[in-house]
1. In the neighborhood of I152, defined by Cβ-to-Cβ distances under 12 Å, what is the net charge if each Lys or Arg adds +1 and each Asp or Glu adds -1?
2. Just to confirm the filter: which GluC sites (Glu not before Pro) across the range 43-149 are DSSP coil and have at most 11 other Cβ within 10 angstrom of their Cβ?
3. Name the trypsin sites (Lys or Arg not before Pro) in the range 84-171 that are in a loop by DSSP and that have at most 15 other C-beta atoms within 10 Å, would you?
4. Tell me, in nm to one decimal, what length is gained between K249 and M217 on full extension, where the rule is 0.36 nm per residue of separation less the Cα-Cα distance?
5. Measure of size requested: the Rg and Dmax of the range 40-166, with Cα atoms as the atom set and Å as the unit; please supply both.
6. Under 5 Å between amide hydrogens, which residues at least 5 positions from G10 or on another chain qualify, with H placed 1.01 Å from N in the peptide plane?
7. Straight-line reach only, C-alpha to C-alpha below 26 angstrom: list the lysines that K192 could link to, leaving out same-chain residues fewer than 8 apart.
8. Note down the nm distance, to one decimal, between modelled labels 7 Å out along Cα→Cβ at E234 and at R207.
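Taken together, the values in this text are just the output of simple stated rules run on the coordinates, not laboratory data. Here the structure is a predicted model, which means the values were calculated and not measured. Note: ideal-geometry Cβ built from the backbone for every residue, glycine included; neighbour counts use all protein chains shown.
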Amino acid sequence: MIVISERINGLFRSVMKAIDNKDEKFIQDLAVNQVEAGAHILDINTGPGVDNAPEVMTWLVKTVQDAVDVQLSIDTPKMDAMEAGVSASSSSVLINSTTAEAKKMETLFPMAVEHGSDIICLTLDEKGIPNDANSRCELAMTMVAKAMEYGIGPEKLYLDPLALPVGAAQDQGPKVLEALGMFKAISDPPPKTVVGLSNVSNNTKERPLLNRTFLVMMMASGLDAAIMDPSDTELVAAVKASEVLLNKKLYADDFLRA
Ligand code: THG
């Protein structure tokens, strides 16, 4: 499982405060802590509240890269902030994300080609979030085909079926699982799959339990990567147990420590 840390995100109050105060030490300590907890990639998001998103994104990317040496996922719906983050990075990033909207694909696929980036394809378009697995798959195919026109192969793509809060869209859980399975049949080799895990437990009382239960289910359906909190030790233990049970990692008596 590719672990993408969700924590460098202005949605978190403490991170928003650090952004406001240009507190490099706070951001760098958090980045180091996330990598030590097992993050392979750090998702970088300014949060919705900033009015100078390109500058904040540039500052976050440089601040984090002065402290750790892992791939960054540049997470923003704003094209100017995306361009700023991708350009500021000293190594190739994961673009988070395009949708199936023509304007976005026509901006972000060339940007990915220019910078050698990987890119997340969120299965939604101007009509919103699809309601079932088939329409998620149709949007995924549209994006995989369009990426190919730009010479971007499936090994650079992460398909995201968009996990939704169980309290608000309970019927979508099984549809996300079904879509994950279908995505793997889109191309050979298949694209990777990813979700924003904590979406599922938004505004619930049992966040850690819901997060780790859904993550295990999605891993069984073929999930390759998750934007999640690697400092949640029970969540990480569930990932390790799943990797052993799905025959992805060799069993050893001390697999939790491996
Ligand atoms: N897909 C892709 N990218 C994504 C998402 C996705 N990026 C953003 C998001 N979804 C994944 N990241 C988060 C980060 C934080 C939270 C949820 C998802 C979160 N934060 C607390 C909250 O809002 O309640 C912050 C509160 C606090 O503790 O201060 O839940 O789906 N491609």
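1. Values: positive: K146, K156; negative: E114, D118, E149, E155.
With Lys, Arg at +1 and Asp, Glu at -1, the net is -2.
2. When the GluC sites (Glu not before Pro) of the range 43-149 are filtered for loop state and at most 11 Cβ neighbours within 10 Å, E126 remain.
3. Values: sites: K103, K104, K127, R136, K146, K156; in loops: K127.
Of the trypsin sites (Lys or Arg not before Pro), the ones in loops of the range 84-171 whose Cβ has at most 15 other Cβ atoms within 10 Å are K127.
4. Value of the extension gain: 9.8 nm.
5. 14.5, 43
6. Answer set, sorted by chain and number: N45, T46, G47.
7. Output for K192: K78, K103, K104, K127, K146, K156, K175, K184, K240, K248, K249.
8. Distance between label points: 1.4 nm.
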